[in-house]
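Here the structure comes first, spelled out in C-alpha cells, and everything after it is commentary.
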2 protein chains.
Amino acid sequence: MSKSIDFFFDFTSPYSYIAAERIEAIAEKGGRTVNYCPTLLGFIFKEIGGGPLTAMPRKGEYSLNDFSRTARFYDLELNFPKAFPANTVMAARAALMVKALQPELLGRFVREVFRAYFVSGQDITQASVIGVCASAAGVDANAALQANDDPRWKDALKAAVQQSHEVKMFGAPYFVVDGEAFWGNDRLDQVERWVKDGPF
Amino acid sequence: MSKSIDFFFDFTSPYSYIAAERIEAIAEKGGRTVNYCPTLLGFIFKEIGGGPLTAMPRKGEYSLNDFSRTARFYDLELNFPKAFPANTVMAARAALMVKALQPELLGRFVREVFRAYFVSGQDITQASVIGVCASAAGVDANAALQANDDPRWKDALKAAVQQSHEVKMFGAPYFVVDGEAFWGNDRLDQVERWVKDGPF
C-alpha cells in the first residue's frame, strides 16, 4: 500500500477547497494516496489564537480578492459564500462516517461538500444539503444525515480535532507527508516535489 | 518606459529575502522593472496588529523549518539569523538613498543586505556591515553610512512607510502590479502570470 498525504482541512476554508481540487492529481504523480482529515479550525484557534482571515484588518479585504484570483489561477470556480464562516460539524461528522464505512467514496464526498459551499453557494449547515452531497458521491443520504447524531462519528470528530492538535496544525489546509508539515494551498508545489523526488 | 512591479519588503523578512532573489527574473519575463520599496513592518503591525511569525504558537516552529525548506525549493541558501528580527532602519535609509541617487545599483544593494543577514549571518544593524554591502554593490560606503543621519533619507523612510499603508500592506513581501496586490513569496507565481499574460 502506498504511503499517504495527510490532508487536514475544515469545510469552511476557501484555500482548502482549492487544495481539495488539486491534491488527487499531485498525490498520483508521487504514487501516494490522499488521507482526508476533516477537522474543526475553531478548536485550533481556541487553543492558539487566530480566526477567519476575512475578519482581519487589511488582510481580510485582500483575502476576499485572493480567494477568487487563486481559484482562477487554477482554473477553478469560486463564489464566496454569503454566510461565512460556516459551522462544519455536520459536514465533518458525515465525512468521518464515509471515511470509516466507504473510504473509496470519501474524496468525491469531500469535493461535493466543498463545491456546494464555494461554488453553488449552498448552506452546508443544512442536513438537506449534506444529503444531496452524499447522494452525488454515491453515499446513502440517510446514513450521512444520521451521522450527525451518532456517537461513533461525534467521537470520531473529537479524535480528528485531537489529531490535528497532535500534528501541530495552526491553519488550513495543512498537509503532513512522511512526518513533514506543509501549510497552505500554496505549499502544494513543495508537496508535489517531495512526493515525486523525495525530501529536499 | 516599462511598467514596474512594486516590491514592498522589510530587510528582516525571510520570505522577502527569497522573493528578492527571484523577482528580477520574473519581472524580466513580463517586460517589467522592479520598484524596490523598503519599508518597516513594525509600523504596519503597530497599525493593524501582528508580529514576527517566529513568535506565534505552532506557526513559529513551523516557519523556522519552512523558511529553510522554501529557500532550498528555489535553490537558495538560507541560514536563519541568531538575532531575529533585526532593526532595519539603517539598512532601509541606505537603500532609499541608493534608490534616489543611484537607482541602477539598488537591486544589487538590496540583495547584498539580504544575503548579509540571511546567508552570512551578519548583523545588519551595524554600520560596518551596511558599508560592506554598499561597496559590494558599487555604492560609496561612506555615503551609505551617512544616509542614516541625513534628514532626506529619514523623511524618505517615513514616506515609504506611509506609502505601504496606502497600498494596504499587511505583511511582507507585498507586491503591487497594475494596482493589484499580491502578498507573499508564494504569490510570485501569480505575479509572473499576471505580467506575462495579463490580468486573470
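Readers should treat all values here as calculations from the given coordinates under stated rules, not as data from a laboratory. Bear in mind that the values here come from a model prediction, so they are computed numbers and not experimental data. Positions of Cβ are backbone-derived with ideal geometry, glycine not excepted, and every protein chain shown enters the neighbour counts.
Overview of results
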| quantity | calculated |
| --- | --- |
| Charge dipole magnitude, Cβ of K and R +1, D and E -1 - the protein assembly as shown, Cα centre, debye nearest 20 | 300 debye |
| Cβ-vector label at 7 Å, A:Phe45, separations to other copies in nm | 2.1 |
| Rh (Kirkwood; distinct C-alpha pairs) - the protein assembly as shown, Å | 22.6 Å |
| Label-point separation, B:Ala83 to A:Lys158 (7 Å along Cα→Cβ), nm | 5.1 nm |
| Total charge dipole magnitude, the stretch B:95-182, about the Cα centre, Cβ charges on Lys, Arg, Asp, Glu only, Debye to nearest 20 | 100 debye |
| Chain A residue with Cβ closest to the axis mapping A onto B, distance in whole Å | A:Asp186, 2 |
| Spin-label model distance (nm) - A:Ala136 vs B:Thr54, 7 Å beyond Cα toward Cβ | 4.6 nm |
| Value of relative contact order over the stretch A:1-119, rounded to a whole percent, pairs C-alpha under 8 Å and six or more apart | 32 percent |
| Per residue, the convex hull volume that the Cα atoms of chain A enclose (Å³) | 119 Å³ |
| Cα pair distances of the stretch B:99-163 binned at 5 Å [whole percent] | 4, 18, 25, 27, 19, 7, 0 |
| Binned Cα-Cα distances of the stretch B:1-106, short to long, each 5 Å bin given as a whole percent | 2, 11, 17, 21, 20, 16, 9, 3, 1, 0 |
| Copy-to-copy label separations for B:Ser68, where each label sits 7 Å from Cα toward Cβ, in nm and ascending | 4.1 |
| Principal axis box of the stretch A:84-200, alpha-carbon based, largest edge first, Å | 46, 30, 29 |
| Point-to-point label distance, A:Glu28-A:Ala143, nm (Cα→Cβ direction, 7 Å offset) | 2.5 nm |
| Antiparallel %, DSSP beta bridges [both residues in chain A], to 5 | 55 percent |
| Relative contact order [Cα under 8 Å, 6+ residues apart], the stretch B:4-197, whole percent | 32 percent |
| Other-copy label distances relative to A:Ala136, 7 angstrom Cα-Cβ extension, nm | 5.4 |
| Cα-based Lys proximity count in the stretch B:4-197, under 25 Å, for pairs eight or more positions apart or on separate chains | 15 |
| Dipole-positive endmost among A:Tyr74, A:Ile26, A:Thr12 within chain A (Cβ charges, Cα centre) | A:Thr12 |
| Those GluC sites (Glu not before Pro) in the stretch B:34-86 that DSSP places in a loop and that have at most 13 other beta carbons within 10 Å | B:Glu77 |
| Lys/Arg +1, Asp/Glu -1 at C-beta; chain A dipole; positive extreme among A:Asn87, A:Val191, A:Gln122 | A:Asn87 |
